[in-house]
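Heads up: the structure comes next, in structure tokens.
The values are calculated or read from the model by the stated rules, or taken from the named source; none is laboratory data. All of these numbers come straight from a predicted model, not from anything done at the bench. Note that each Cβ is placed from the backbone with ideal geometry, even for glycine, and that neighbours are counted across all protein chains shown.
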Amino acid sequence: MLHIYRQITSLRRVRPVVVAQKRESEECFPFQDIRVVKKPAWHFLRRIWFKQIVDRPWQISAAEVREIERALTENDAQLLHIYFGHIAVLLRPLIRHWPKRTVVSFHGADVLVDMQKRAYRRGTEEMLSLVRRVLVRSESLRQAIVDLGCAPEKIEIQRTGIPLNQFPFRERSVPDNGEWRLLQAGRLIEKKGLKTALRGFAKFRKEFPSAKLTIAGEGPQLGELQSLARALQIASSVDFAGFVSQEKLRELFYSSHLFLHPSETGLDGNQEGVPNSMLEAMSTGLPVFATRHGGIPEAVEHNIGGILVEERDYESLADALIDCTKDSARLTAMGRAASESIANNFSQTEQTRRLEEIYLREIP
């Protein structure tokens, strides 16, 4: 994931070494110090055993523990940082056996998904008792971890860092003839609230028939969303752009006037931490129209850097969009406030410094 790659490659006071099961997109994410520990040939049989026969989260085998420990020892690792809580659950045998300290990060979906399953919840509780430090992206995630029984003193906020120089502020002008350009970017999955965005846009378009909505991203909901756009009779005004490069996404930020991110809790409990695309959009000066969900209110101050409505409330979302587009001075002020908020609270430089301090504090 890009935000993790940014975090790792910005470290200066410690030397990161990545241990992974496979390497993908090397041309997009160049990195030298990486050790690939491949899945054993019988990996899928263990997964079947754990998931379908004994119905509990699978764990890596003793052989895999030895292989990972070998990689850590050869690189003289002093601290193990496991990205994503659900991965740490699977690595419990390693955490138990490795003699040095372990840190785990939670990002959103890895906090609440599957927690209704008793065995998975027990596995998560055990993992939380084993690790030295728990890093979370938002206060809402902190509370969710506390609710799982984690000692509060173990938990620290470690926010996503945005490289501000890549997303500088740029003031937008009011479009001629109501040709508003709206944008949402992210995976096409339930928690992103894309159906709410489409319904809200349908109402907004009745006021501004020349408006366009671009949805950048790919995912399993694409067919449903395209069908909904047709049913709402807005298909000609919605561009499903698919996956776009960072360069293209930046272009979309600067060619847009309004950014949507009406996230909602999925049926499986999946929630946002703080959406990365939303932070990048805010840094460029895009006002955000989002929901009171997960960590979003910690990044978007209502009526200051954007507007927040309740989850799935597309009527209020559309009304907020319409009201704000009729007040250009308000939109300009929100865009500037959004950018300043990111600079003050989500700077990659500052968040990297904080992460390095955590690492150095935990290394004996």
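Sub-9 Å Cβ pairs linking a first residue in the range 69-83 that is more than 10 Å from residue 103 (Cβ to Cβ) to a second residue that is part of a helix (DSSP H, G or I) and acidic (Asp, Glu), at least 6 apart or interchain, are 78/362, ordered by first then second residue. From the list 167, 106, which one is aromatic (Phe, Trp, Tyr) and closer than 30 Å to residue 208 by Cα? Checking each option against the conditions leaves just 167. Sort out which residues of the range 203-220 are buried (at least 18 other Cβ atoms within 10 Å of the Cβ) and farther than 24 Å from residue 250 by Cβ, and write them in order of number. Those that are buried (at least 18 other Cβ atoms within 10 Å of the Cβ) and farther than 24 Å from residue 250 by Cβ: 204, 205, 208.
Residues in the range 129-144 that are of a type in the set (A, V, I, L, M, F, W, C) and within 23 Å of residue 363 (Cβ to Cβ): 130, 131, 134, 135, 136. Could you tell me whether the range 180-193 includes any residue that is more than 21 Å from residue 108 (Cβ to Cβ), part of a helix (DSSP H, G or I), touching a residue at least 60 places away in the same chain (Cβ under 8 Å) and among the aromatic types (Phe, Trp, Tyr)? The answer is no, given that none of the residues of the range 180-193 is more than 21 Å from residue 108 (Cβ to Cβ), part of a helix (DSSP H, G or I), touching a residue at least 60 places away in the same chain (Cβ under 8 Å) and among the aromatic types (Phe, Trp, Tyr).
Of the residues making up the range 256-305, those that are part of a loop (DSSP other than H, G, I, E, B) and small (Gly, Ala, Ser) are 256, 263, 266, 269, 273, 285, 294, 295, 305.
Condition check: in the same structural domain as residue 106 (by TED's automatic domain parsing), surrounded by fewer than 19 Cβ atoms within 10 Å (Cβ to Cβ) and out of contact with any Pro (no Cβ under 9 Å at 6 or more places or on another chain). Does residue 144 satisfy that?
Here the answer is no, as residue 144 does not meet what is asked.
Out of 355, 321, 308, which single residue is in the same structural domain as residue 157 (by TED's automatic domain parsing), more than 16 Å from the chain's Cα centre (by Cα) and either in a loop (DSSP other than H, G, I, E, B) or surrounded by 16 or more Cβ atoms within 10 Å (Cβ to Cβ) (or both)?
That would be 355, the only listed residue that is in the same structural domain as residue 157 (by TED's automatic domain parsing), more than 16 Å from the chain's Cα centre (by Cα) and either in a loop (DSSP other than H, G, I, E, B) or surrounded by 16 or more Cβ atoms within 10 Å (Cβ to Cβ) (or both).
The residues on offer are 193, 242, 200, and the sole one that is surrounded by fewer than 15 Cβ atoms within 10 Å (Cβ to Cβ) and modelled with pLDDT of 95 or more is 242. When 121, 133 are checked against the criterion of being farther than 23 Å from residue 317 by Cα and surrounded by fewer than 18 Cβ atoms within 10 Å (Cβ to Cβ), a single residue qualifies: 121.
Just to check your reading of the model, which residue among 262, 275 is at pLDDT below 95, under 21 Å from the mean Cα position of the chain (by Cα) and crowded, with 18+ Cβ neighbours inside 10 Å?
Just a single option satisfies the conditions, and that option is 275.
One residue stands out in the range 81-104 among those that are at pLDDT 95 or above and within 21 Å of residue 161 (Cβ to Cβ): the one that is surrounded by the most Cβ atoms within 10 Å (Cβ to Cβ), namely 104.
Checked against (1) farther than 20 Å from residue 293 by Cβ; (2) in contact (Cβ under 8 Å) with a residue 60 or more places away in the chain; (3) of a type in the set (Ser, Thr, Tyr), residue 138 passes all but a single condition, namely (1).
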